[in-house]
Amino acid sequence: MQHDLSLAVSEGQSTTAGAKACNDDIIGIRIPNDELLATKGITAVIADGVSAASAGRDAAETCVQGFLTDYYSTPDTWCVKTSAHKVITSLNRWLYGQTQSAGYHDEKGYVTTLSILILKSRTAYLFHVGDTRIHLYRNGKLEQLTRDHATRISKESTYLSRAVGLGLNLDVDFHTIAIEEGDLFILSSDGVHDYVPPAEFKNTLTEAQLNNALDPIAESLVDQARNHQSPDNLTCQLVRVDKLPGAERDDIYRSLTSLPFPPDLKPGQKLDGFRVERLLYASKTSQLYVVIDEEGDGQHLVMKTPSVNFGDDAAYIERFAMEEWIGSRVKNSHLNKGIRSARPRKFLYHLQEYIEGITLAEWMKNSGSTTDIPTVINITAGIIEGVRALHRRETLHQDLKLGNIILTADNTPVIIDYGSCRIAGIQEIEQPFHRPSALGTVNFSAPEYRLNLPASPKSDQFSIAMITYHLLTKGKHPYDSKWDTAANPADFHQLKYTPASHYQPLVPNWIDLTLKKALNVSTDLRYDSLSEFMHDLRHPNPEYLKKQSLPLIEKDPVLFWKALSGLLFSIIVFLLLWFSNNS
């Protein structure tokens with residue numbers, strides 16, 4: 001998928017030991033020129049190794065080099081916050097471990113400050129620990145974006161209350177701001193910002209917005225700090241936003257539609273070396289064909305082509321392109337793998353591995369009236385395994401249903417459609433068109449989609465539980481027809497869950513209670529994780545077994561009193577009739 005995602009910056013930097021014998025400040029910047037520019041962004045890092053620590057410089061160097069390497073190695077589906085926090089946490093634990101191994105006291109070992117600026121799409125992401133700083137100079141105004149984690153003991157010394165490597169657990173400041181063209185970000189060590197007066201700072205930065213070269217500006221700030229008798233290392237890094245990603249809808253649309261939609265294909269036709277064998281499935285949104293790679297290894301593949309009905313829908317085309325992007329990145333036996341051909345394309349389509357089998361909808365229809373509960377639970381376990389692989393990459397499926405899962409001959413479920421997936425890392429890339437959130441099938445989608453509430457992994461959990469319920473009950477719905485008309489929170493909360501055992505008496509009560517929890521209309525009342533949900537499907541939850549053995553008055557007080565009232569009413573009617581007949 002090629003968008004106009006060009007984010008252009010200028011950068012300049014200067015660092016020197018200053019009045020000290022050794023320079024414990026380390027800086028770094030990475031400006032990728034490939035797809036990482038869109039998925040990961042541009043990163044600038046500054047670290048000031050604590051001078052009182054024996055390995056402060058080593059800690060600073062480890063943080064800067066380690067972050068610039070490891071951050072760009074995290075999955076490109078992860079959002080910036082997840083990626084950066086995981087890397088920072090790992091670096092902190094490693095440094096703390098080195099301190100303990102070397103026998104240093106915590107504050108005397110591998111300890112450093114760390115400030116990170118990441119520019120992605122039209123947003124700046126800031127991560128900060130210690131007393132290095134990040135400032136923003138915009139329209140003549142200078143704003144400090146970070147707060148110092150330091151307490152001044154005297155004019156000459158400060159005490160860091162927070163630093164990387166200081167303890168096993170690290171609290172990192174994080175926030176985001178929208179960026180504008182011309183924004184100038186300044187990363188500096190305390191040897192600079194503590195000694196250059198604000199007026200001089202601003203005057204120098206004004207020159208930076210007029211001057212293309214930023215290295216001289218950084219050097220000027222360092223020189224000013226030296227002239228003001230700074231006794232510390234002197235480091236300054238400047239990053240100026242010269243161009244933001246293209247935001248014109250027409251430009252984005254032209255980029256997305258650089259390849260034309262293919263026509264309807266007939267058996268025997270060839271497209272880019274792939275011969276069509278047969279039409280597998282057609283809907284209003286796409287067509288699936290079984291094709292043979294005649295110019296390659298001759299294997300059977302599935303070719304998915306977009307529907308001409310959406311030729312002018314940029315959001316649809318983006319989702320279609322993202323399907324191949326996701327399929328090529330996920331590796332799990334329960335997820336259909338995308339296939340990338342090295343041959344140039346003349347049309348817009350993507351390829352998937354061909355899975356021999358039938359959909360769960362067909363399997364349910366062919367399985368007769370008897371429900372094989374262990375097989376259903378095993379199928380659910382396979383679906384959960386595949387979905388968890390997506391969730392580990394911060395990707396929500398959002399359209400799990402019977403028709404989107406193929407069951408192979410050995411009863412292995414394989415998820416085959418990624419057209420509705422929500423990818424955290426891609427959602428951060430702003431586009432001038434609306435990305436719809438409710439894309440799934442109503443019968444299987446969680447209520448939050450219809451209520452325009454945030455989706456989460458618990459939304460996929462709801463859909464998986466709905467699939468399990470359908471398989472156990474041969475297509476019945478736990479909330480009956482009222483589910484289709486529910487439109488607001490009150491409607492959903494008035495729905496009453498129908499136990500699966502009502503339709504299939506062989507379903508144990510503990511499985512029913514497990515499904516009931518996963519199918520709760522409130523996300524807060526569902527399972528916290530898919531693994532917990534799966535555990536309760538395979539192993540009777542003691543709480544559910546306890547509830548099963550409780551007397552009716554404790555298990556279901558409303559039902560108890562209804563039954564008792566009915567019994568008393570019947571006795572009264574019987575007595576009235578008896579007295580009437582004997583009077």
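Structure values in brief
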quantity	calculated
Matching option when the condition is more than 22 Å from Leu360 (Cβ to Cβ) and of a type in the set (Lys, Arg), among Lys482, Lys476, Lys516	Lys482
Which listed residue is charged (D, E, K, R), at pLDDT below 90 and either under 21 Å from Glu428 (Cα atoms) or in contact with a strand residue (DSSP E or B) (Cβ under 6 Å, 6 or more places away or on another chain) (or both), from Arg133, Arg162, Arg152	Arg152
Some residue of segment 335-358 being touching a strand residue (DSSP E or B) at 6+ places or on another chain (Cβ under 9 Å), free of Cβ contacts under 8 Å to residues at least 12 places away in the same chain and not small (Gly, Ala, Ser)	no
Filter result for the condition that a residue is assigned by TED's automatic domain parsing to the domain that holds Gly296, of a type in the set (A, V, I, L, M) and exposed (fewer than 15 other Cβ atoms within 10 Å of the Cβ), over Ala321, Ala342	Ala342
Conditions (1) at positive phi; (2) touching a Ser or Thr at 6+ places or on another chain (Cβ under 6 Å): number failed by Gly103	(2)
For Gly182: the one exception among (1) under 21 Å from Tyr195 (Cα atoms); (2) in contact with a helix residue (DSSP H, G or I) (Cβ under 8 Å, 6 or more places away or on another chain); (3) at pLDDT below 95	(1)
Tally, over segment 409-428, of residues that are at pLDDT below 95 and within 16 Å of Ile355 (Cβ to Cβ)	6
Matching residues in segment 298-321 - criterion: being at pLDDT 90 or above and outside any loop (DSSP other than H, G, I, E, B)	His300, Leu301, Val302, Met303, Lys304, Thr305, Pro306
Close pairs from segment 9-30: first within 30 Å of Arg122 (Cβ to Cβ), partner basic (Lys, Arg) and surrounded by 17 or more Cβ atoms within 10 Å (Cβ to Cβ), Cβ under 6 Å, at least 6 apart	Ser10/Arg240
Candidates Ala213, Ala218 - the one that is surrounded by fewer than 16 Cβ atoms within 10 Å (Cβ to Cβ), outside any strand (DSSP E or B), among the aliphatic types (A, V, I, L, M) and on the phi < 0 side of the Ramachandran plot	Ala213
Some residue of segment 539-555 being farther than 22 Å from Thr375 by Cα, modelled with pLDDT under 95, of a type outside the set (D, E, K, R) and assigned to a loop (DSSP other than H, G, I, E, B)	yes
Residue that is farthest from the chain's Cα centre (by Cα) [pool: residues in segment 363-400 that are charged (D, E, K, R) and at pLDDT 95 or above]	Glu385
Helices (runs of 4 or more DSSP H) wholly inside segment 444-504 that include at least 1 residues being over 27 Å from Glu394 (Cβ atoms) and of a type outside the set (A, V, I, L, M, F, W, C)	457-473, 482-485, 489-493
Test: Gln229 is closer than 15 Å to Ser188 by Cα, outside any helix (DSSP H, G or I) and at pLDDT 90 or above	no
Among residues of segment 293-312, those that are surrounded by fewer than 17 Cβ atoms within 10 Å (Cβ to Cβ) and closer than 15 Å to Ser341 by Cα, counted	7
Unique match (being farther than 25 Å from Ile373 by Cβ and either part of a loop (DSSP other than H, G, I, E, B) or of a type in the set (D, E, K, R) (or both)) among Asp524, Asp512	Asp524
When residues of segment 322-347 are limited to those that are in a loop (DSSP other than H, G, I, E, B) and among the aliphatic types (A, V, I, L, M), the one farthest from Leu402 (Cα to Cα)	Ala342
Pair list, Cβ < 6 Å and 6+ apart or interchain, from segment 286-297 residues that are within 15 Å of Tyr349 (Cβ to Cβ) and in the same structural domain as Gly268 (by TED's automatic domain parsing) to residues that are loosely packed, with under 14 Cβ neighbours inside 10 Å and among the basic types (Lys, Arg)	Val290/Arg278
Number of positions in segment 11-22 that are over 16 Å from Gln229 (Cα atoms) and surrounded by fewer than 18 Cβ atoms within 10 Å (Cβ to Cβ)	2
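Condition check ((1) of a type in the set (Asp, Glu); (2) in contact with a Ser or Thr (Cβ under 6 Å, 6 or more places away or on another chain); (3) part of a helix (DSSP H, G or I)) across all residues:
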{"site": "Glu11", "(1), (2), (3)": "yes, no, no"}
{"site": "Thr15", "(1), (2), (3)": "no, yes, no"}
{"site": "Leu37", "(1), (2), (3)": "no, no, yes"}
{"site": "Cys63", "(1), (2), (3)": "no, yes, yes"}
{"site": "Phe67", "(1), (2), (3)": "no, no, yes"}
{"site": "Trp78", "(1), (2), (3)": "no, no, no"}
{"site": "Ile88", "(1), (2), (3)": "no, no, yes"}
{"site": "Thr99", "(1), (2), (3)": "no, no, yes"}
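Quick grid of which residues meet (1) assigned by TED's automatic domain parsing to the domain that holds Asp313; (2) modelled with pLDDT under 95:
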site	(1), (2)
Leu168	no, yes
Val172	no, no
Ser188	no, no
Asn212	no, yes
Val239	no, no
Ser255	yes, yes
Ser258	yes, yes
Pro263	yes, yes
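The values are calculated or read from the model by the stated rules, or taken from the named source; none is laboratory data. Quick caveat, the model's predicted, so the values are computed rather than measured. Methodologically, a virtual Cβ is constructed for each residue, glycine included, from the backbone with ideal geometry; neighbour enumeration extends over all protein chains shown.
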